[in-house]
1. Of the residues that make up the range 28-49, is at least one within 17 Å of Glu117 (Cα to Cα), in contact with a strand residue (DSSP E or B) (Cβ under 8 Å, 6 or more places away or on another chain) and modelled with pLDDT of 95 or more?
2. Considering Thr35, Thr81, Thr85, Thr17, which residue is without any contact (Cβ under 8 Å) to a residue 12 or more places away in the chain and either in contact with an Asp or Glu (Cβ under 7 Å, 6 or more places away or on another chain) or open to solvent by 80 Å² or more (accessible area, probe 1.4 Å) (or both)?
3. Looking at (1) in contact (Cβ under 8 Å) with a residue 12 or more places away in the chain; (2) under 14 Å from the mean Cα position of the chain (by Cα), which one does Lys71 not meet, given that it meets all the others?
4. For the range 59-68, which positions are outside any helix (DSSP H, G or I) and either touching a residue at least 60 places away in the same chain (Cβ under 8 Å) or not small (Gly, Ala, Ser) (or both)?
5. How many of the residues in the range 50-82 are more than 20 Å from Val15 (Cβ to Cβ), out of contact with any Pro (no Cβ under 8 Å at 6 or more places or on another chain) and modelled with pLDDT of 95 or more?
6. Would a scan of the range 91-100 turn up a residue that is open to solvent by 30 Å² or more (accessible area, probe 1.4 Å), touching a residue at least 60 places away in the same chain (Cβ under 8 Å) and not in a strand (DSSP E or B)?
7. Kindly indicate whether Arg137 is within 29 Å of Met4 (Cβ to Cβ), open to solvent by 60 Å² or more (accessible area, probe 1.4 Å), basic (Lys, Arg) and not in a helix (DSSP H, G or I).
8. Can you tell me which residues in the range 47-58 are in contact (Cβ under 8 Å) with a residue 40 or more places away in the chain, surrounded by fewer than 20 Cβ atoms within 10 Å (Cβ to Cβ) and in a strand (DSSP E or B)?
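The values are calculated or read from the model by the stated rules, or taken from the named source; none is laboratory data. This is a predicted model, so every value here is computed, not measured. Counting neighbours? That spans all protein chains shown, and the Cβs are built from the backbone with ideal geometry, glycine included. Areas reflect the complete protein model, heavy atoms only, side chains present, ligands, DNA and RNA absent. Shrake-Rupley method; radii C 1.70, N 1.55, O 1.52, S 1.80 Å.
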Amino acid sequence: ERIMKLKVNGIERQVETAWRKETLLTVLREHFGLTGSRFSCGIGQCGACLVHIDGIPVTSCLMPASEAVDKNILTIEGLATREGTLHPLQQAWIDENVPQCGYCQSGQIMQALALLENNPAPNDNDINLAMNANLCRCGTYDRIRKSIKRAASIMRESN
């Protein structure tokens, strides 16, 4: 078969099988134009490329695109509603003025989403443990913690 099908943000997309050995990050960015996930370290240690595969955070810079076939891929672009309403995490990031350079932020938000899906009321220690693999060269960790707590509160109120 010459076409590989990937389900990204709820939409089935196609890419030629020649891309199968490329990383999922490369396919998302270069073929699908979804540039929110970033290439940074290239060895899965910084978190800038984080996406969710079937609800699990994955470093897309290490995953061959072929391993994502028949799985649900969620990128930062898939968090807002189709009408453009931001996810509570995205809104909290803005409200708390988290980004400086912004390079790591999509991966930070995707990791925070995984945290809040498993722990709707995390304390500082929970946040630090969950977020420790996501590096921010600007050092906005205090604002990241505040934004996660803000989003957690909003998400609990809406449930």
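1. no
2. Numbers: Thr35 fails: either in contact with an Asp or Glu (Cβ under 7 Å, 6 or more places away or on another chain) or open to solvent by 80 Å² or more (accessible area, probe 1.4 Å) (or both); Thr81 fails: either in contact with an Asp or Glu (Cβ under 7 Å, 6 or more places away or on another chain) or open to solvent by 80 Å² or more (accessible area, probe 1.4 Å) (or both); Thr17 fails: without any contact (Cβ under 8 Å) to a residue 12 or more places away in the chain.
Thr85 is the lone residue from the list that is without any contact (Cβ under 8 Å) to a residue 12 or more places away in the chain and either in contact with an Asp or Glu (Cβ under 7 Å, 6 or more places away or on another chain) or open to solvent by 80 Å² or more (accessible area, probe 1.4 Å) (or both).
3. (2)
4. Result: Thr59, Cys61, Leu62, Met63, Pro64.
5. From the range 50-82, those more than 20 Å from Val15 (Cβ to Cβ) are 50, 55-57, 79-82; that's our starting set.
Add one more test, that the residue is out of contact with any Pro (no Cβ under 8 Å at 6 or more places or on another chain), and what stays is 55-57, 79-82.
From what's left, modelled with pLDDT of 95 or more: 55-57, 79-80.
Of the residues in the range 50-82, 5 are more than 20 Å from Val15 (Cβ to Cβ), out of contact with any Pro (no Cβ under 8 Å at 6 or more places or on another chain) and modelled with pLDDT of 95 or more.
6. Yes, the range 91-100 contains a residue that is open to solvent by 30 Å² or more (accessible area, probe 1.4 Å), touching a residue at least 60 places away in the same chain (Cβ under 8 Å) and not in a strand (DSSP E or B).
7. It is false that Arg137 is within 29 Å of Met4 (Cβ to Cβ), open to solvent by 60 Å² or more (accessible area, probe 1.4 Å), basic (Lys, Arg) and not in a helix (DSSP H, G or I).
8. The one that is in contact (Cβ under 8 Å) with a residue 40 or more places away in the chain, surrounded by fewer than 20 Cβ atoms within 10 Å (Cβ to Cβ) and in a strand (DSSP E or B): Ile56.
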